[in-house]
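**Student:** Encoded as structure tokens, here's the structure I'll be asking about.
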Amino acid sequence: MTYEEWLQSVPPELTTDPLWQMRVYRLALFAGDLGWHDVSTLAEDPRMRSLADQLYRALGSIAANIAEGYSRHSGKERARFYEYALGSAREARTWYYEGRYGLKEAVVAHRLRLLTQIVRLLLTIIPAERGATGILRVGESGPSWGTDPDAELSQLLSEVPMP
């Protein structure tokens with residue numbers, strides 16, 4: 001299922017909410033839905049069951065924390081929940097990497113790139129919510145995303161491998 005196909009399947013109770021306008025929220029929900037299939041595949045191997053549980057929890061936490069943060073009154077409060085979502089996105093990336101032996105290489109590569117796009121968006125949103133006084137550690141030279149993250153995301157969403 002491509003991202004465009006998935007968008008058509010999301011019920012209006014979600015798509016008519018102002019939260020739906022946040023690209024990062026939509027991508028997080030998409031990642032969670034893709035993760036359902038990946039986790040099901042991983043859970044077939046007894047050695048991967050615990051990892052599958054951790055991955056599923058991390059994936060679900062991304063969109064849930066974005067939704068929670070979006071509903072907060074102040075930028076500082078929103079940023080706090082977006083930071084939780086950031087931590088969950090990074091955690092999910094780690095679990096995908098650890099689970100790479102139980103999934104197809106193309107699936108893992110796709111999910112890592114999708115989660116990296118979510119991380120990138122959150123790293124942009126968090127300081128904006130905190131205002132100029134916020135401190136975000138992204139490395140000595142700052143974040144580096146390549147030349148055209150939107151083009152990269154478009155390609156990523158049009159080619160969605162399944163386990």
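Derivation of every value follows stated rules applied to the coordinates shown; laboratory data play no part. Remember, predicted model here, so these are calculated numbers, not experimental data. Note that we place each Cβ from the backbone using ideal geometry, even for glycine, and neighbour counts take in every protein chain shown.
**Student:** Can you work out the Karplus-derived ³J(HN,Hα) for every residue in the range 40-50? Use 6.51 cos²θ - 1.76 cosθ + 1.60 with θ = phi - 60°, whole Hz, and x for glycine or proline.
**Tutor:** 4, 5, 4, 5, 5, 9, x, 5, 9, 4, 5
**Student:** How far, in nm, would the chain grow between Ser154 and Tyr97 when pulled straight, counting 0.36 nm per residue and subtracting the alpha carbon separation? Mind dumping the intermediate values first?
**Tutor:** On the way: separation 57, 0.36 × 57 = 20.52 nm, distance 2.27 nm.
Length difference between fully extended and current span is 18.3 nm.
**Student:** What length, rounded to one decimal in nm, is gained on full extension from Trp36 through to Thr16, with 0.36 nm per residue of separation minus their alpha-carbon distance?
**Tutor:** Details: separation 20, 0.36 × 20 = 7.20 nm, distance 2.39 nm.
Value of the extension gain: 4.8 nm.
**Student:** Using only Cα atoms and rounding to the nearest 10 degrees, what angle (0 to 90) does helix 149-158 make with the longest principal axis of the chain?
**Tutor:** Roughly 30 degrees between the two axes.
**Student:** Okay, next question. To test your reading of the geometry: what angle, between 0 and 90 degrees and rounded to tens, separates the Cα axis of helix 105-130 from the longest principal axis of the chain?
**Tutor:** Taking the Cα atoms of the chain, the angle to 105-130 is about 10 degrees.
**Student:** Considering the Cα trace of the chain, what is its radius of gyration and what is Dmax, both in angstroms?
**Tutor:** Rg then Dmax for the chain, in Å: 15.8, 48.
**Student:** Oh, and also: Calculated FRET efficiency, Arg49 and Met162, Cβ-Cβ r, R0 22 Å, to nearest 0.05?
**Tutor:** 0.65
**Student:** Can I ask one more? For helix 75-98, report the angle its Cα long axis makes with the longest principal axis of the Cα atoms of the chain; keep it between 0 and 90° and round to the nearest 10°.
**Tutor:** 20 degrees
**Student:** Additional query: Run the numbers for Ser9 and Ser74: contour at 0.36 nm per residue of separation, minus the present Cα-Cα distance, in nm. Kindly include the intermediate steps, with their values, before the conclusion.
**Tutor:** On the way: separation 65, 0.36 × 65 = 23.40 nm, distance 3.22 nm.
Computed gain between Ser9 and Ser74 is 20.2 nm.
**Student:** In debye, nearest 20: dipole of the chain around its Cα centre with unit charges on the Cβ of K, R (+) and D, E (-)?
**Tutor:** Details: 18 positive and 21 negative charges, 113 e Å.
Roughly 540 debye, rounded to the nearest 20.
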